[in-house]
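Contents: one structure, followed by commentary.
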């Protein structure tokens, strides 16, 4: 309710038609809330939030309704919503906002980025990992290995932490990542050795 009242005071309205399309599957675990705003001199866009759990909301999709606007105007509108709607609403509810990102040292490929996103959705900050996250973990390690990513351990730890794992679980995930990647490299090397 806090987010809704802040969006409305910001001049944005619910896009219930889009929500109905996105939330039509009877068994979906999450729920999308979509808001239409940015009219006038700002970028006219639809922003959707993905409620993944009772206490976790993630940024989701957006749609530019006025295709004459540029990326700078879109970025300005999104930053304004973060600053004037989402951050105060989270603060009022006693929640923290995190911005998971790697960098500036780490370098990852596109497939690894997708694998990380899928793993985070399944893992949802749970430790030990839920059973449904295990195959996605293996996919993440395998994809990162094949793309030869360069992940700084401190940045990877911070990223896991920002994605919902506590500090101990984040450190264990990083340890497990490097251990699994090293094991995968050993298997590949052994397979290249003459018999």
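Taking the stretch 32-50 only, how many residues are at pLDDT 85 or above and part of a loop (DSSP other than H, G, I, E, B)?
Here the count works out to 0.
Out of the stretch 55-77, which residues are assigned to a helix (DSSP H, G or I) and crowded, with 16+ Cβ neighbours inside 10 Å?
73, 74, 77
Scan the stretch 73-85 and report the pairs whose first residue is farther than 17 Å from residue 48 by Cβ and whose second residue is part of a helix (DSSP H, G or I), with Cβ atoms within less than 8 Å and a gap of 6+ or a chain change.
That search, which allows pairs on different chains as well, returns 84/6.
The values are calculated or read from the model by the stated rules, or taken from the named source; none is laboratory data. In this text the structure is predicted, and so the values were computed from the model without any measurement. A quick note on method: Cβ atoms are made from the backbone with ideal geometry, for glycine too, and the neighbour counts reach across all protein chains shown.
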